[in-house]
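Peer 1: I have a structure here, written as C-alpha cells, and I will follow up with some questions on it.
The values are calculated or read from the model by the stated rules, or taken from the named source; none is laboratory data. Please read all numbers here as calculations on a predicted model, not as lab measurements. Neighbour counts are summed over all protein chains in view; Cβ atoms, including those assigned to glycine, are modelled from backbone coordinates with ideal geometry. Side chains are part of the model used for accessible areas, which takes the heavy atoms of the whole protein and leaves out ligands, DNA and RNA. Shrake-Rupley method; radii C 1.70, N 1.55, O 1.52, S 1.80 Å.
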Amino acid sequence: MYLKLQKSFLKTEMEKINQTILRIFECMADHRNPDINTLKTLLSTDESWVITYYHSQKSLKNAMDRLLEEPQYVRRQMYKVLKHDMAFEKHASDKDFEFWEKGLSISQRNKIKSLMNHIYQNIFQRNKLSLSFDNYRDSLYSNDRNTICPVCLGRVRNLRRYGEVDHYFPKNQYPALTFHPVNLAGICRECNSPKVKGSKDPLKNANLAEVYIPYLRAAEEESRIAVMGSGGERVLGLRPVSDNKQAEQRIKNFDDLFDLSSRWTMQMYDKIKEDFLLTEHCKDEAEVEADLVKIAGEEKRKAAMMKQYALDAACSEFLVTEGKRAFMEEWKKRREEREKMRSK
C-alpha cells in the first residue's frame, strides 16, 4: 500500500474465524481417527457454524472429509504449517522468513485451499457468519478515505461500493492467509483487476522484508511522489527519501506489483495537457510562470489535506522547477500556431 491503512474495528472478529479454522486443523492433528463428532465436542458454541454447514453443504463436507482421510502425521504437518504461516506478521522485517505452506505437496496444498475457498466463498461472502462479509468490507474504509484508493491514490466516488477486497498475498497461493486481517485490504477495482495486480505474488522476486504489507508498512513512510528521469523520458513515480537499499527494493517491488509508474505517468501527461489549456489566456512567459506557480501552490495545499491530490501536486512542482523550460518552449510553440491560425 502507498497509504498506511487503519486496521478494521472488526479485526478481532476476523481473527476469531482464523482461530476456528486453525482449531479444525488442530483437532485433526491431535486425534488418530477423528470424525465430525470429534470436532463437534471440541468447538465452542460460537464455532458451531462449522458443524452446521458440514451437514448442510456437500462441498464443505467433501473438503473436510478429504482432510480427515490424510494420515495423522500429514495432518500434524498441515496444522504446524498453518499455525506458522498465520503468524507471518510477527516476522514482517525478517528477510529469511519463509511460508511453510509452499513446502507441502500439491495434493496437500489443494486440500487446504479447497476448504479455505469454500468457507470464504460459500459461507463468509454469502454473509452466513455472525461477522458478515459486507460488514467487514465496509469496515476497511475509514470515513476520511472512502473516496481514495490506498494504492494508486485514485479518486473513487464511493470505495465501499465500487472498491474490492484484495488478498494482498493471493489466497490461492497463500491459503493460510485467506482470513488473515492483515492480508485483507480495500482497494479500487482497477488496482485489483487482472491487468494490474490480479493474482500476482508480491514475493515472487522478493522476501517478506522487501515488500509493503497492509497495515504494517507503507510506501508513504519512505518515499515521495515525484517526476523522475531526464529529457523526454520522464515518469511519475516514487522516489526514496533516503539511501536505504531495502526501502528502494520495496518501492521497486510495489511499483512492479501495481504497475504504478506506468499508470501515474499517463495521468501526468493528462495533467500537463490540462495546464496548457489553463495557461492559453496568458500574454507572455512571465504570466505563464506566475499561473504555474499559483497552481502549484494551490495543489500543494490541497495535497497536504487530501492525499488524492498528491499526483497533481507532484506534476505541478515539476512544471515550476525541472520541467519549466520544456513547458515554456512548448507553450510558445502552441501560441505561435494559434496566431498563425488566427491570421489565415
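Peer 1: With (1) open to solvent by less than 10 Å² (accessible area, probe 1.4 Å); (2) not in a strand (DSSP E or B) as the list, and ALA185 as the residue in question, which single condition is left unmet?
Peer 2: (2)
Peer 1: For the range 1-67, please list each of the helices (runs of 4 or more DSSP H) lying entirely inside it that holds at least 3 residues being at pLDDT below 90. I'd like the intermediate steps shown before the answer.
Peer 2: Working: elements: 11-30, 36-42, 49-56.
Those helices (runs of 4 or more DSSP H) span 36-42.
Peer 1: Please find, within the range 219-231, the residue that is surrounded by the most Cβ atoms within 10 Å (Cβ to Cβ) out of those that are within 22 Å of the chain's Cα centre (by Cα) and not in a strand (DSSP E or B).
Peer 2: As a first pass, look at the range 219-231 and keep what is within 22 Å of the chain's Cα centre (by Cα): 219-226.
In the following step, the residues that additionally are not in a strand (DSSP E or B) were identified as 219-222.
On the way: ALA219: 23, GLU220: 17, GLU221: 13, GLU222: 18.
Filtering the range 219-231 for residues that are within 22 Å of the chain's Cα centre (by Cα) and not in a strand (DSSP E or B), the one surrounded by the most Cβ atoms within 10 Å (Cβ to Cβ) comes out as ALA219.
Peer 1: Which of the residues belonging to the range 232-266 are open to solvent by 90 Å² or more (accessible area, probe 1.4 Å) and more than 19 Å from ARG217 (Cα to Cα)?
Peer 2: GLU233, MET266
Peer 1: Another one. Could you tell me whether SER44 is within 33 Å of the chain's Cα centre (by Cα), open to solvent by less than 60 Å² (accessible area, probe 1.4 Å) and either among the charged types (D, E, K, R) or closer than 25 Å to PRO181 by Cβ (or both)? Steps first, please.
Peer 2: Numbers: within 33 Å of the chain's Cα centre (by Cα): no; open to solvent by less than 60 Å² (accessible area, probe 1.4 Å): yes; either among the charged types (D, E, K, R) or closer than 25 Å to PRO181 by Cβ (or both): yes.
Answer is no for this residue.
Peer 1: Only one of ASP275, ASP259 is touching a residue at least 24 places away in the same chain (Cβ under 8 Å) and in contact with a Phe, Trp or Tyr (Cβ under 8 Å, 6 or more places away or on another chain). Can you tell me which?
Peer 2: Working: ASP259 fails: in contact with a Phe, Trp or Tyr (Cβ under 8 Å, 6 or more places away or on another chain).
Just a single option satisfies the conditions, and that option is ASP275.
Peer 1: Residues being more than 17 Å from ALA310 (Cα to Cα), of a type in the set (Phe, Trp, Tyr) and open to solvent by 40 Å² or more (accessible area, probe 1.4 Å): count how many of those fall in the range 268-294.
Peer 2: 0
Peer 1: Please return the ranges of helices (runs of 4 or more DSSP H) entirely within the range 232-344 where 1 or more residues are of a type in the set (Phe, Trp, Tyr). Explain how you work it out, then say what you get.
Peer 2: Values: elements: 245-258, 260-278, 285-305, 310-319, 324-343.
Once the helices (runs of 4 or more DSSP H) in the range 232-344 are filtered for at least 1 residues that are of a type in the set (Phe, Trp, Tyr), what remains is 245-258, 260-278, 310-319, 324-343.
Peer 1: Collect the residues in the range 130-180 that are touching a residue at least 60 places away in the same chain (Cβ under 8 Å), assigned to a helix (DSSP H, G or I) and open to solvent by 10 Å² or more (accessible area, probe 1.4 Å), keeping them in residue-number order.
Peer 2: ASN135, SER139, ARG145
Peer 1: Then there is this: Just the residues that are assigned to a helix (DSSP H, G or I), touching a residue at least 12 places away in the same chain (Cβ under 8 Å) and hydroxyl-bearing (Ser, Thr, Tyr), please, taken from the range 86-120. Give the steps one after another, and end with the answer.
Peer 2: Taking the range 86-120 as the starting set, the residues that turn out to be assigned to a helix (DSSP H, G or I) are 86, 88-91, 100-103, 106-120.
Then keep just the ones that are touching a residue at least 12 places away in the same chain (Cβ under 8 Å); that gives 86, 88-89, 91, 100-101, 103, 108-109, 111-120.
The answer is SER114, TYR120.
Residue-by-condition table, conditions (1) open to solvent by 30 Å² or more (accessible area, probe 1.4 Å); (2) out of contact with any strand residue (DSSP E or B) (no Cβ under 9 Å at 6 or more places or on another chain); (3) under 24 Å from ILE213 (Cβ atoms); (4) free of Cβ contacts under 8 Å to residues at least 40 places away in the same chain:
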position: ILE51; (1), (2), (3), (4): no, yes, no, yes
position: ALA63; (1), (2), (3), (4): no, yes, no, no
position: LEU68; (1), (2), (3), (4): yes, yes, no, no
position: ASN122; (1), (2), (3), (4): yes, yes, no, no
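Peer 1: Do you know which of the residues in the range 87-98 that are open to solvent by 20 Å² or more (accessible area, probe 1.4 Å) and of a type outside the set (Gly, Ala, Ser) is nearest to PRO214 (Cα to Cα)? Before the answer, list the steps.
Peer 2: If we filter the range 87-98 for residues that are open to solvent by 20 Å² or more (accessible area, probe 1.4 Å), which is where we start, we get 87, 89-91, 93-98.
Filter once more, so that each one left must be of a type outside the set (Gly, Ala, Ser): 89-91, 94-98.
Values: GLU89: 10, LYS90: 13, HIS91: 14, ASP94: 16, LYS95: 17, ASP96: 20, PHE97: 17, GLU98: 18 Å.
Result: GLU89.
Peer 1: Exactly one of these conditions fails for GLN72: (1) over 30 Å from ASN207 (Cβ atoms); (2) at pLDDT 90 or above; (3) open to solvent by 80 Å² or more (accessible area, probe 1.4 Å). Give me its number.
Peer 2: Answer for GLN72: the failing condition is (3).
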